[in-house]
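Enquirer: I have a structure I would like to understand better, so I am pasting it below and will then ask my questions one at a time.
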Amino acid sequence: MKINNLINHTTEWLRGTGPNSDVVISTRIRLARNLTGFPFPHKAGKIQSGEILKTIKTIVSSVDLLKKTTVFALSELSGIDRQFLVERHLMSLEFARASNNKAIIIDDEEILAIMVNEEDHLRIQVVQSGFNLFEVFNIINKVDDILSQEVNFAFLPDWGYLTTCPTNTGTGMRASVMLHLPALVMSNSINRILEAIAKLSFTTRGLYGEGTKAHGNFFQVSNQVSLGHTEEEILQNLNGLIRQVIGQEKSMREVLLSRNHAFLEDRIWRAFGILKSAHLISSEELIELLSMVRLGVDLGMIKEINARTVNELFLITQPAHLQKIEEKKLSARERDLKRAEVLRQKLQ
């Protein structure tokens, strides 16, 4: 697999399928793991980090479960290529900023991604479209079990898996769910919901995780605590919380439809009209408008396109994707022009 081949591939988290996919965009679980006998990445030297990368590459080439994956060395990727992978939610922003003995392993379906020499030696990620918390865990658990047969992970009985950041120590697991909550935002109920989530020791971030704000009514909810809880407890608690949020979003959509139908319809069709006719549009404005169009599709108001098309537009109109399509670097204004052109072509 080559990086350029991904431009024509719909990444897993945007397929628009799976349970409760009208509210839940994707489910993701990450595991932080470190190899025994090596300093953590921030203390490891070039030779040590190189040995870790060599070890992981050898495992990937010999394990059947990982045969359909490709290893990309960050040192061989351009800045646009790295941003492209961040936009596809395959690696973190922080990971993309440095390249020394760093690599990312991606499977052909973009369900599995493994970052090597990130904050920890390994960051194993599995993502699926829709609300598939336990299925995602089953997949990542198999990968974790196979890797643990090949290498020894840093682990203490009283502390669990040892990680660079103390908040990840224990299970080393971060489970997160990406939610689309336009009705709760429009009804001014979202702050109450976010406060309740924080009190339950969960955290809320934006579309691209840590350090990003919520745009387009998208909220990523994940567990804050890893130590002192089993994987099953974390998943059960997150599952219960997300089901409540899904229920409140769907109820509020019904309220808006019954009490403010004209207002809701106007917001949705105005957004669709702008996207179909714009000749200049920024990333931030695009996400806000596409959020309303996505709601219109989910409510059955807009029938000309489906959720998968809307999701695809979220991705291919991002800065690095536009530059990959054009096969050259674009200025901010050139990206705004190209973004509008792509939208008009896809929505006509």
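The values are calculated or read from the model by the stated rules, or taken from the named source; none is laboratory data. Since we're looking at a predicted model, the values are computed, not measured. Note that we place each Cβ from the backbone using ideal geometry, even for glycine, and neighbour counts take in every protein chain shown.
Enquirer: Scan segment 310-329 residue by residue and report those that are among the acidic types (Asp, Glu) and either more than 15 Å from ILE3 (Cα to Cα) or not in a helix (DSSP H, G or I) (or both).
Expert: Across segment 310-329, the qualifying residues are GLU312, GLU327.
Enquirer: Test of understanding: among THR17, THR27, which residue is part of a strand (DSSP E or B), of a type in the set (Ser, Thr, Tyr) and either without any contact (Cβ under 8 Å) to a residue 12 or more places away in the chain or within 24 Å of ASN311 (Cα to Cα) (or both)?
Expert: Checking each option against the conditions leaves just THR27.
Enquirer: A follow-up question, please. Look at segment 93-118 and say how many of its residues are in contact (Cβ under 8 Å) with a residue 24 or more places away in the chain, in contact with a helix residue (DSSP H, G or I) (Cβ under 7 Å, 6 or more places away or on another chain) and within 17 Å of PRO41 (Cβ to Cβ).
Expert: 12
Enquirer: Within the set of pairs 6 or more residues apart or between chains, which connect a residue that is over 13 Å from ARG294 (Cα atoms) inside segment 254-277 to a residue that is of a type outside the set (Asp, Glu) with Cβ atoms less than 6 Å apart?
Expert: Every condition considered, the pairs that remain are LEU256/ALA183; LEU256/LEU264; ILE274/LEU289; LYS276/LEU347.
Enquirer: With respect to SER49, determine if the residue is assigned to a helix (DSSP H, G or I), among the polar types (S, T, N, Q), farther than 20 Å from GLU118 by Cβ and out of contact with any Phe, Trp or Tyr (no Cβ under 6 Å at 6 or more places or on another chain).
Expert: Spelling it out, it is not the case that SER49 is assigned to a helix (DSSP H, G or I), among the polar types (S, T, N, Q), farther than 20 Å from GLU118 by Cβ and out of contact with any Phe, Trp or Tyr (no Cβ under 6 Å at 6 or more places or on another chain).
Enquirer: Give me the residue from segment 290-303 that is over 14 Å from ILE274 (Cβ atoms) and in contact (Cβ under 8 Å) with a residue 24 or more places away in the chain and, out of that set, surrounded by the most Cβ atoms within 10 Å (Cβ to Cβ). Break it down stepwise before answering.
Expert: Filtering segment 290-303 for residues over 14 Å from ILE274 (Cβ atoms) gives 294-295, 297-301, 303.
Add one more test, that the residue is in contact (Cβ under 8 Å) with a residue 24 or more places away in the chain, and what stays is 294-295, 298-299, 301.
Working: ARG294: 28, LEU295: 25, ASP298: 19, LEU299: 18, MET301: 16.
Ranking the candidates gives ARG294 first.
Enquirer: Given the condition outside any strand (DSSP E or B), modelled with pLDDT under 90, in contact with a Phe, Trp or Tyr (Cβ under 8 Å, 6 or more places away or on another chain) and in the same structural domain as ILE25 (by TED's automatic domain parsing), answer yes or no: does some residue in segment 200-212 qualify?
Expert: There is at least one residue in segment 200-212 that is outside any strand (DSSP E or B), modelled with pLDDT under 90, in contact with a Phe, Trp or Tyr (Cβ under 8 Å, 6 or more places away or on another chain) and in the same structural domain as ILE25 (by TED's automatic domain parsing).
Enquirer: Separate question: If I filter segment 145-165 for residues that are within 23 Å of VAL127 (Cα to Cα), buried (at least 20 other Cβ atoms within 10 Å of the Cβ) and among the hydrophobic types (A, V, I, L, M, F, W, C), do I get at least one hit?
Expert: Yes, some residue in segment 145-165 is within 23 Å of VAL127 (Cα to Cα), buried (at least 20 other Cβ atoms within 10 Å of the Cβ) and among the hydrophobic types (A, V, I, L, M, F, W, C).
Enquirer: Moving on. Might you let me know whether segment 66-73 holds any residue that is closer than 25 Å to LEU162 by Cβ, over 22 Å from the mean Cα position of the chain (by Cα) and exposed (fewer than 15 other Cβ atoms within 10 Å of the Cβ)?
Expert: No; the residues of segment 66-73 include none that is closer than 25 Å to LEU162 by Cβ, over 22 Å from the mean Cα position of the chain (by Cα) and exposed (fewer than 15 other Cβ atoms within 10 Å of the Cβ).
Enquirer: Sticking with this one: Report, by residue number, each residue of segment 123-174 that is of a type in the set (Val, Ile, Thr) and either assigned to a strand (DSSP E or B) or touching a helix residue (DSSP H, G or I) at 6+ places or on another chain (Cβ under 6 Å) (or both).
Expert: Passing the criteria: ILE124, VAL126, VAL127, ILE146, THR171.
Enquirer: Okay, moving on. Does SER258 satisfy the condition of being surrounded by 13 or more Cβ atoms within 10 Å (Cβ to Cβ) and not aliphatic (A, V, I, L, M)?
Expert: No; evaluated as a whole, the condition is false for this residue.
Enquirer: Name the residues in segment 142-166 that are over 14 Å from LEU35 (Cα atoms) and touching a strand residue (DSSP E or B) at 6+ places or on another chain (Cβ under 9 Å), would you?
Expert: Residues satisfying the conditions are VAL143, TRP159, CYS165.
Enquirer: Can I ask one more? I'm trying to understand the selection: among the residues of segment 87-114, which are outside any helix (DSSP H, G or I) and farther than 25 Å from GLY18 by Cα?
Expert: Those that are outside any helix (DSSP H, G or I) and farther than 25 Å from GLY18 by Cα: ARG97, ALA98, SER99, ASN100, ASN101, LYS102, ALA103, ILE104.
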